[in-house]
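Here the structure is laid out as structure tokens; the discussion comes afterwards.
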Amino acid sequence: MAQAATETGIRPSALRLFWDRWSGVLVPILAVFTALVVGAFIIGVTGADWQAAYIGLWEGAFGSPRAFADTVVRSTPFIICGLCVALAFKAGLFNIGAEGQLYAGAVASVVIGTTLQMPAIFHIPAALIAGALGGAAWAAIAGFLKARTGAHEVINTIMLNYIALRMTDWLIRSKTPYILGDPADTTGARSRLVAETARLPGIQVGSSTILHLGIPLALVLVFVVAWLLYRTTLGFEMRTAGTNPHAARYAGINVPRTIILAMAIAGSLAGIAGAIEVIGVRGALSADFFSGLGFDAIAVALLARANPVGIIFSGLLWGGLLTGARLMQVRASLSIDVIKIVQALIIMFVAADQIVRFIYRLPKRKPGEETQLSKGWGG
Amino acid sequence: MTQNGQERPVVLEARNITKRFPGVVANDNVSLKLYKGEVLALLGENGAGKSTLMNILYGLYHQDEGEIFVKGELVRITNPHESIARGIGMVHQHFQLVPVMTVTENIILGNEVTRGPFLNRKQAAERIRAISAQYNLAVDPDALVADLDVGAQQRVEIIKALYRNADILILDEPTAVLTPQEADDLVRVMRTLTAQGTSIIFITHKLREVLEVADRIIVLRSGKVVGETTPAQATEASLAAMMVGREVILKVEKQPARPGAIVLEVRGLRVRDDRQLLAVKGVDLEVRAGEILGIAGVQGNGQTELVAALTGLRPSEAGTIRIDGVDVTNATPRQISELGVAHIPEDRQRDGLVASYPLTDNSVLELYYLPPFARGIVRNDQAINEHCARLVKEFDVRTPGITVPASSLSGGNQQKLIVAREFSRQLKLLIAAQPTRGIDVGSIEFIHNQIVKKRDEGVAVLLVSAELDEILSLADRIAVMYHGQIVATVRNGELSREELGLLMAGATLDRSVSIEV
């Protein structure tokens, strides 16, 4: 009753209906736009030319086939890790651990890629599956702790991130004996190179960019995740446990099992992303490899409102911002940190979407459900 | 109480109030007058617009059109502080009290009497005692609210309003949580208040109380005032007809039960609640095929925990539960459900539905994994949609479509969807907890008839309800639950309403009660 005290009382007009239908798309777009406007002011304040900066950003990200190829390659792990965060989110879990799960998957795929010898047709799937299992196992730890003890997954996944990062570092840098480290690499900063048979095939674009097989795989995963969530009983169980655990229990769903499973599936996605980066892009793993990719994935998922198809676009935006930053830096002699500021602003405006709604005079979000209509009145 | 109110001054008037929500007109040109010292009953089904109107008067909403006059003065109330300042107090259905604070602290909260930077509890307590004596509202100012029973907590809410000098009281479904005796006490309090000049708007959908306590009755239907009457001119049947727009059969038509074999057998069941206190303290009961066993009792006497244990949602500490001879003590909800047990849960918003899911998903909430709704792990949306459309049609669920979220339905229609879903499979045992709580007369009638129909098909029914009238009209046998125990089991008709009320309140009867097992 009091919940609906913020009702606006606007008549259901055509505009309103349009809004109800499209707000999920409009708010993120307006948030990005607003962030770019605020970013332009910040660039202006630093004394640089914001127009040159943004033109550079655009051209650097999407201006040429080569730039676009770079953006796509860069976006691929964002898309897959965004799916990881989104899937967990649909199951009511806030997975901050994509970073750790990336490392777990990457380490597993490095092990398979460097130690086994077999034809590519087996070696590539084996490396990918190893990555998936590594990520799944790592994420399942947090899922298990949540399901059995109630320990909050946010805390546990953050802690597991540190453990994964430091363990990877040690596995690579250890020299007595060498574990994953490459005795041939004097800096000691990377693992041995994976066998050629484990490398993902791809199409060379320009001098250094390879459009590898992981890119179509990411698109397939988008549809697999959407199918899993909305077309299978398992997805129904995960969404129900996430939306209303009480109703899930009532419906006979084993909620603890579903939580563990959802975390494991989410983790397997991050693990696959880690494996693709290893066998698709660099051929080896280094300690600072992902540098916050798993955290940015939270932003990618949030921007897409955990919608799998939307993640294709938010992932491309993220990859594009990072790829275009270099040219922007050159054109407007700006620090690359400005891009980080714009990214942070986007997230702020998406998270605090009431601000966006206020700026553009859009209807307020109703408490709880956007579609919830009747709970506000009646005896 | 049939004085002619028209000669007294009008203390509150609403003129042509219209309030629209997206897609619905909640109040459509509603006008009402409240005279000094009267009880005005506002009667209507769920979704009729009673709460919207009261929330407008109390300042929680603002009307789109229309005017409000308080004591003759045109006012624009934009928040509850203003309404309180103008003497309007509201007692919500769900009390707004802080359990860990004392009565005095709760009452002065937000309106603290201070001496320098410190609270002056003593002075406040004095005033509370004075109010309590003046209106015969017995309550100890120093008691902790958590230690008070529901009736006393309600008195605290009333004193809270009076303490703020309210002379217009809005009581929103005040009797929903009370025992019959407590409800009688409340009626006495309302009389004392009106005798001393307080005016009361009494919101309810219980017809008996309206006739007992109101001076005037206004009936709302679909946001409009459809009639104004007095208890002298009205009967329960005429009020019900006004509320739903057609004649309603208030008594459930049913044949005598023909009990068959024992379906549910509970022996020595002990269950703990969330705070790990023993809530069910050794319950024995059995329900036979083709009979309805009604569990009567004031809420909070262990019924919730009993039902949770029977349906696998809460572990039992001791005792056994057998369904059709199968031991299901501490079995999972799914194991129990697969034996042919349906559960209409007490809290439909929390347990029975996923509010944001479309009706289709909700219509298969616990059947989703079974054919034809799933092939392997793949959902069969077509089968789900057909199933949902059939339920909506058969159970007359009023909805614009099957893909709208469950939260967009009224409470009665949500409940009909749940009942439809639970009845849509082969049943041996139906466990119905508060199946008609907070829903409209039309839906109640429908659900009651469906429950009786299931009984006649040979289903064993365990009905748990805090509404004694519901138990009396549906049950074949009645078990009274008090403080976690079954204190009496009788055939329906053996005890009067009053005697059952006494048992529910923990009293023992002077005459011996035949306890049948």
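Each value in this text was obtained by applying a stated rule to the coordinates, not by laboratory testing. These figures come from a predicted structure and were not determined experimentally. Cβ atoms come from the backbone with ideal geometry, glycine included; neighbour counts cover every protein chain shown.
Between the alpha-carbon centres of the stretch A:286-355 and the stretch A:187-207 there is a gap of 26 Å. Amide H contacts of B:Ala318: B:Arg270, each under 5 Å away and 5 or more positions distant or on a separate chain (H built 1.01 Å from N in the peptide plane; Pro and chain starts excluded).
Each principal axis of the Cα cloud of chain B was evaluated for its coordinate range; sorted largest first, these ranges are 66, 51, 50 Å.
Per residue, the average separation of C-alpha pairs within less than 8 Å and at least 6 apart gives the stretch A:103-238 a relative contact order of 21 percent.
Between the stretch B:306-367 and the stretch A:63-116, how far is it from one alpha carbon centroid to the other, in angstrom? Cα centroid of the stretch B:306-367 versus Cα centroid of the stretch A:63-116: 40 Å apart.
Per the Kirkwood formula applied to alpha carbons, the stretch A:122-257 shows a radius of gyration over Rh ratio, Rg over Rh, of 1.07.
In terms of its C-alpha gyration tensor, the stretch B:3-105 comes out oblate, because a/c is 1.5 or above while a/b does not outweigh b/c. Within the shell defined by Cβ-Cβ distances under 14 Å, the residues around A:Val154 carry a net charge of -1, with Lys and Arg each +1 and Asp and Glu each -1. Distance from the alpha carbon centroid of the stretch B:246-301 to that of the stretch B:139-181 works out to 30 angstrom. The amide H of B:Asp440, built 1.01 Å from its N in the peptide plane, has B:Asn46, B:Gly412 as neighbours under 5 Å, considering only residues 5 or more places off or on other chains. If the viscosity is 1.002 mPa s and the temperature 20 °C, what Stokes-Einstein diffusion coefficient in µm²/s follows for chain A when Rh is the Kirkwood radius over Cα pairs? D, rounded to a whole number, is 97 µm²/s. Hull volume per residue, based on the alpha-carbon atoms of the protein assembly as shown and their convex hull, is 214 Å³.
Cross-link list B:Lys33/B:Lys71; B:Lys206/B:Lys416; B:Lys281/B:Lys454; A:Lys90/A:Lys146; B:Lys281/B:Lys416; B:Lys19/B:Lys160: which exceed 22 angstrom alpha carbon to alpha carbon? Checking Cα-Cα distances, B:Lys281/B:Lys454; B:Lys281/B:Lys416; B:Lys19/B:Lys160 exceed 22 Å. Neighbours of A:Gly131, meaning other residues whose beta-carbon lies under 15 angstrom from its beta-carbon, give a summed charge of 0 when Lys and Arg score +1 and Asp and Glu score -1. Every Cα-Cα pair of the stretch B:355-514 was included, and the share exceeding 21 Å stands at 54 percent. How fast does the stretch B:75-150 diffuse by Stokes-Einstein, in µm²/s, taking the Kirkwood radius from C-alpha pairs at 4 °C and 1.567 mPa s? Calculated translational D: 93 µm²/s. Each listed q (0.12 Å⁻¹) maps to a log10 I(q)/I(0) for the stretch B:84-237, found by the Debye formula over equal Cα scatterers with no solvent: -0.54. If eta is 1.002 mPa s and T is 20 °C, what Stokes-Einstein diffusion coefficient results for the stretch A:205-334, Kirkwood Rh from Cα pairs, in µm²/s? The diffusion coefficient I find is 126 µm²/s. Dividing the Cα radius of gyration by the Kirkwood radius, what Rg/Rh value follows for the stretch A:100-150? Computed over Cα atoms, the ratio is 1.15. With q set to 0.15, 0.19 Å⁻¹, the log10 of I(q)/I(0) for the stretch B:149-296, from the Debye formula over equal scatterers at the Cα positions, is -0.97, -1.13.
Split chain A at each of the chymotrypsin sites (Phe, Trp or Tyr not before Pro) in a DSSP loop with at most 14 other beta carbon atoms within 10 Å, and the longest piece is A:95-359. The local environment of A:Ile79, defined by Cβ-Cβ distances under 14 Å, has a net charge of -1 under the rule Lys, Arg +1 and Asp, Glu -1. In terms of its C-alpha gyration tensor, the stretch B:412-487 has an oblate overall shape, because the principal axis ratio a/c (a ≥ b ≥ c, square roots of the eigenvalues) is not below 1.5 and a/b does not outweigh b/c.
Along each principal axis, taking the top coordinate minus the bottom one, the Cα set of the stretch A:1-152 gives 64, 52, 32 Å in descending order.
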